[in-house]
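The values are calculated or read from the model by the stated rules, or taken from the named source; none is laboratory data. None of the values given here were measured: they were computed from a predicted structure. Here the Cβ is made from the backbone with ideal geometry for all residues, glycine too, and neighbour counts use every protein chain on show. These area figures cover heavy atoms from the full protein model, side chains too; ligands, DNA and RNA do not enter into them. Shrake-Rupley method; radii C 1.70, N 1.55, O 1.52, S 1.80 Å.
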Amino acid sequence: MTRKLTPGHLVIASHNEGKVREITALLGPHGIEPVSAGSLGLPEPDETGTTFAQNAALKALASATASGLPALADDSGLEVAALGGRPGVYTADWAERQWFEGEPGRDWYMAMGKVEGLLAQQGPAVDRSAAFVCTLCLAWPDGETVLFEGRAEGSLVWPPRGTMGFGYDPVFQPRNAALTFAQMEPAAKHAISHRAKAFEKLVAALF
Ligand code: IMP
């Protein structure tokens, strides 16, 4: 039987404000008091894995062992069919502003433009389908881990639309929707997102 999560503190093993906000909202109804890895001053491990599952596990384990609390990590990204699944686990890396030396940070408009530039090279009839993928890993301080996966299928639009959400939300239009994730109210995105689908599985197994 899967080990259950009891009410109390849980570390959100992420330094990404958008993810922390969404995970906090998704955990809200379950009696969990989330605290972010950033606010506890926990280190951010290098994401050296080559799969979402490996990266989620290494982030969750790093926070769980450092804090002595259960920790939840999300590794997620955008898989673009015409790009052979890229950027995939490198979705965040495509936003690194390498050429502004000494100025850390990510530029999501540059990253979305990079994806669009690669699609444009394949001509106007290119397959624009894409999926957001989310792998959640819950780690306990003794090293036990459990994984849950969710996908949201859709297509990429250009130019970007909307100002809500985070990351690549302005170019992702979920299947059967007229709005991008960045044009949707948070509750509407949470009803259908890859993260929400992974969460449904987590809630069913752990609460
Ligand atoms: P990582 O999981 O920290 O490696 O980062 C995954 C990256 O994928 C994020 O920084 C975002 O750019 C992107 N991403 C993941 N989930 C979403 C989402 O719900 N909306 C928009 N972008 C996302």
Problem set entry | Table column - 3J(HN,Hα) (Hz), the range 152-165, Karplus curve with 6.51, -1.76, 1.60, x for Gly and Pro | 10, 8, x, 9, 9, 10, 8, x, x, 9, x, 10, 8, x
Exercise. Tell me, what does the Kirkwood hydrodynamic radius of the range 91-161 come to in angstroms if you use every pair of distinct C-alpha atoms?
Worked result: 15.1
Exercise. Can you give the relative contact order of the chain as a percent, counting alpha carbon pairs under 8 Å and 6+ residues apart?
Worked result: 19
Seminar exercise, completed: Once phi for every residue in the range 49-58 is put through the Karplus expression 6.51 cos²θ - 1.76 cosθ + 1.60 (θ = phi - 60°), the whole-Hz ³J(HN,Hα) values, with Gly and Pro written as x, are x, 10, 10, 4, 5, 5, 5, 4, 5, 5
Exercise. By how many degrees, between 0 and 90 and to the nearest 10, does the Cα long axis of helix 17-27 differ from the longest principal axis of the chain?
Worked result: 50
Problem set entry | the chain, helix-only ellipticity at 222 nm - DSSP H runs n ≥ 4, -39,500 (n - 2.57), divided by all residues, nearest 500 | -9000 deg cm²/dmol
Exercise. Quick one: with all protein chains in place, what share of the accessible area of the range 8-206 is carbon or sulfur, to the nearest percent (1.4 Å probe)?
Worked result: 54
For this session: With a ≥ b ≥ c taken as the square roots of the eigenvalues of the C-alpha gyration tensor of the range 88-207, please select rounded if a/c is under 1.5 and otherwise prolate if a/b is larger than b/c or oblate if it is not?
Result: oblate
Exercise. Once label points are set 7 Å from the Cα along Cα→Cβ at both T163 and K114, what is their separation, rounded to one decimal in nm?
Worked result: 2.6
Exercise. With every protein chain present, what is the per residue accessible area of the chain (1.4 Å probe, Å²)?
Worked result: 48
For this session: At a 1.4 Å probe radius, which order do R86, R161 fall into by accessible area, largest first?
Result: R86, R161
Problem set entry | Kirkwood hydrodynamic radius over Cα pairs of the chain, then Stokes diffusion coefficient at 25 °C and 0.890 mPa s, in µm²/s | 140
Exercise. What list of ³J(HN,Hα) couplings, whole Hz, do you get for the range 30-35 from phi and the Karplus terms 6.51, -1.76, 1.60, once you set θ to phi - 60° and write x for glycine and proline?
Worked result: 10, x, 9, 9, x, 9
Problem set entry | Extended-chain gain in nm, criterion 0.36 nm per residue less alpha-carbon gap, E185 and S129 | 17.9 nm
Exercise. If you take the beta carbon distance between Q122 and R21 as r and set R0 to 30 Å, what does 1/(1 + (r/R0)^6) give as a FRET efficiency, to the nearest 0.05?
Worked result: 0.30
